[in-house]
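Take a look at the structure set out below.
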Amino acid sequence: MSVSLKETFLYFAYGSNLLKKRIRINNPSAHFIGIGKLDNHHLDFIKYSENWRGSSATIVPVEGCHVWGAVWQLDIIDMPALDIQEGVDTNWYFPKTVDIVTLHGETLQCRTYQQTVNPVPCKKIDELPEERRPSSTYLECILTGATECQLPNDYIQNLRKIPHNGNEASPKMIEKLKN
């Protein structure tokens with residue numbers, strides 16, 4: 001019996017791809033490895049997404065801050081689909097390799113994405129300006145995914161403080177999330 005070894009990569013998700021259903025829409029090989037922390041970065045929102053009808057999440061380098069997220073293992077053949085989903089081809093996000101520290105203290109090198117336009121970080125996430133707020137659908141996707149992945153409770157409580165803009169995602173996006 002021959003064993004087929006697929007090439008894979010690790011991906012750190014901190015936004016809507018925390019949700020298992022969401023990441024597997026375009027990346028069926030996604031396998032949840034666990035959770036980890038990205039040090040010296042801050043979760044923020046800046047660019048408006050028509051699909052989500054609100055701003056999408058990004059990470060911004062900020063000394064002394066951290067972002068919790070999910071570590072996924074994906075087949076290397078899914079990387080182009082992930083890049084397209086993240087808008088690399090339209091210069092929305094750029095990929096970067098980051099060190100993620102797991103709950104067991106292990107450091108993993110993961111691919112993640114940062115928006116090409118980064119805001120001056122909002123000092124308090126609950127004071128996010130109206131024009132930078134995510135839609136209710138997007139925020140719910142993040143919160144449900146954070147709970148599903150079992151991110152630390154204090155981090156989830158901080159996510160709950162993020163105000164949304166009152167909009168729902170586009171019907172097309174809502175339909176994708178239902179399937």
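Nothing in this text is a laboratory measurement; each read-out follows from the coordinates by a stated rule. Computed from a predicted model, the values in this text were never measured in an experiment. Cβ placement follows ideal geometry from the backbone for every residue including glycine, while neighbour counts extend to all protein chains displayed.
Structure values in brief
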item: All positions within the stretch 13-61 that are touching a Cys at 6+ places or on another chain (Cβ under 7 Å) and surrounded by 19 or more Cβ atoms within 10 Å (Cβ to Cβ); result: SER16, LEU18, LEU19, ARG22, ILE35, HIS41, HIS42, ASP44
item: Subset of the stretch 108-137 [assigned to a helix (DSSP H, G or I) and surrounded by fewer than 16 Cβ atoms within 10 Å (Cβ to Cβ)]; result: ASP126, GLU127, GLU130, GLU131
item: Residue that is touching a Cys at 6+ places or on another chain (Cβ under 6 Å), more than 14 Å from SER49 (Cβ to Cβ) and among the β-branched types (Val, Ile, Thr), where the choices are ILE100, ILE125, ILE77; result: ILE100
item: Options VAL88, VAL98; residue that is in a loop (DSSP other than H, G, I, E, B), in contact with a strand residue (DSSP E or B) (Cβ under 8 Å, 6 or more places away or on another chain) and either touching a residue at least 12 places away in the same chain (Cβ under 8 Å) or surrounded by 11 or more Cβ atoms within 10 Å (Cβ to Cβ) (or both); result: VAL88
